[in-house]
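Participant: Can you keep this structure in mind? I'll have questions shortly.
The values are calculated or read from the model by the stated rules, or taken from the named source; none is laboratory data. From a predicted model like this one, the values you see are computed outputs, not experimental measurements. Glycine also receives a Cβ, built like all others from the backbone with ideal geometry; neighbour counts cover every protein chain displayed.
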């Protein structure tokens, strides 16, 4: 199911698959120069929803056994998936993260960082 999710995430509007800022040996999903999702292993994905989205969905996220919230003030949630029906939930959250990070109409999206810029970002995380 992980490869299916990877393919579906990469197909979302404005999402680019590129090396992760947080994990040296894996790909991540980027929108407008921001990493919005990466896998933490089999059946686990971190998603950058933003504090605002987390705040607005907090009650539902806390109630969902698949979701772990981080410290208050974090933009990220961790989502576990194992069942076929979890796919839609993960994609819904990744789409919401993508929507929040997409540039406004008429603005060209920044690409994911590469080379020295990616290495610089990795040093700070």
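Participant: Give the residues of segment 48-76 that are crowded, with 16+ Cβ neighbours inside 10 Å and part of a strand (DSSP E or B), sorted by residue number.
Facilitator: 48, 67, 76
Participant: Looking at 45, 79, 94, can you tell me which residue is within 22 Å of residue 1 (Cβ to Cβ), outside any strand (DSSP E or B), in contact with a helix residue (DSSP H, G or I) (Cβ under 7 Å, 6 or more places away or on another chain) and at pLDDT 95 or above?
Facilitator: Just a single option satisfies the conditions, and that option is 94.
Participant: Any residue at all in segment 10-27 that's under 13 Å from the mean Cα position of the chain (by Cα) and in a helix (DSSP H, G or I)?
Facilitator: Yes: segment 10-27 contains one or more residues that are under 13 Å from the mean Cα position of the chain (by Cα) and in a helix (DSSP H, G or I).
Participant: Sticking with this structure for a sec: Within segment 65-76, count every residue that is modelled with pLDDT of 95 or more and in contact with a helix residue (DSSP H, G or I) (Cβ under 8 Å, 6 or more places away or on another chain).
Facilitator: 4
Participant: Something else now. Which one of these is more than 19 Å from residue 92 (Cβ to Cβ), in contact with a helix residue (DSSP H, G or I) (Cβ under 8 Å, 6 or more places away or on another chain) and surrounded by 20 or more Cβ atoms within 10 Å (Cβ to Cβ): 9, 21?
Facilitator: 21
Participant: Now a separate question. What single numbered condition from (1) surrounded by 21 or more Cβ atoms within 10 Å (Cβ to Cβ); (2) more than 18 Å from residue 91 (Cβ to Cβ) fails to hold for residue 41?
Facilitator: The number of the failed condition is (1).
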